[in-house]
Amino acid sequence: MRKYEIMYILDASLEEATRQEVIDTLHNIIINDGGTIDKVDEWGVREFAYRIEDMTKGYYVVVEFTADNEALNELDRICRINQNVIRHLIVNLEEK
C-alpha cells in the first residue's frame with residue numbers, strides 16, 4: 001500500500017446532501033478495498049481561473065490516503081465517469 005493525495009473538484013451547484021453523498025462514495029471506494037483515509041481537507045467553493053464546462057466555480061476537496069493499485073484504479077475510474085466530479089488529480093506522495 002502506498003500513500004496518495006487526490007484533489008477533486010465537484011460541481012458547486014450541488015446541494016449539500018448530494019455533495020456529501022458524492023464525497024462519501026469516493027471515500028468508500030478507498031475504505032472498501034482495504035485502504036485508509038488519513039486526512040480530508042475541504043476547501044469549499046472557489047472560483048476557477050477559466051470556465052470549465054460553462055461553470056465558473058467548483059467545490060474543492062483534498063484527501064490524503066493509503067491504498068493499493070486496485071483501489072486507486074477504481075477511484076480514478078469513478079472520478080472519470082461521475083458527472084458531478086469536474087476535475088481530479090491523483091499524486092503519489094512517496095515519489096517526492
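Taking packing as the residue-averaged number of other Cβ atoms within 10 angstrom, the listed peptides 53-59, 84-90 run from highest to lowest as 84-90, 53-59. With r defined as the distance between the Cβ atoms of MET7 and ASN32 and R0 fixed at 22 Å, what FRET efficiency is calculated, to the nearest 0.05? Given R0 = 22 Å and the Cβ-Cβ separation, E is 0.55. Using a simple spin-label model with pseudo-atoms 7 Å out from Cα toward Cβ, VAL91 and GLU70 lie 2.8 nm apart.
Residues whose amide H comes within less than 5 Å of that of ALA12, counting only those at least five positions distant or on another chain, are TYR59 (H built at 1.01 Å from N in the peptide plane).
The average projected area of the chain, computed from the convex hull of its Cα atoms over all directions, is 6.2 nm². Estimated purely from DSSP H runs of n ≥ 4, each contributing -39500 (n - 2.57), the mean residue ellipticity at 222 nm for the chain is -10000 deg cm²/dmol once divided by its residues. For ASP38, the residues whose modelled amide H falls within less than 5 Å of its own, excluding neighbours fewer than 5 places apart on the same chain, are GLU64, PHE65, THR66. Summary of packing: across the peptides 21-33, 38-50, the per-residue average of other C-beta atoms within 10 Å ranks them, highest first, as 21-33, 38-50.
Just so you know, all these numbers are worked out from the coordinates, no wet-lab data involved. Given the structure is predicted, the values throughout are model-derived calculations rather than measurements. Note that each Cβ is placed from the backbone with ideal geometry, even for glycine, and that neighbours are counted across all protein chains shown.
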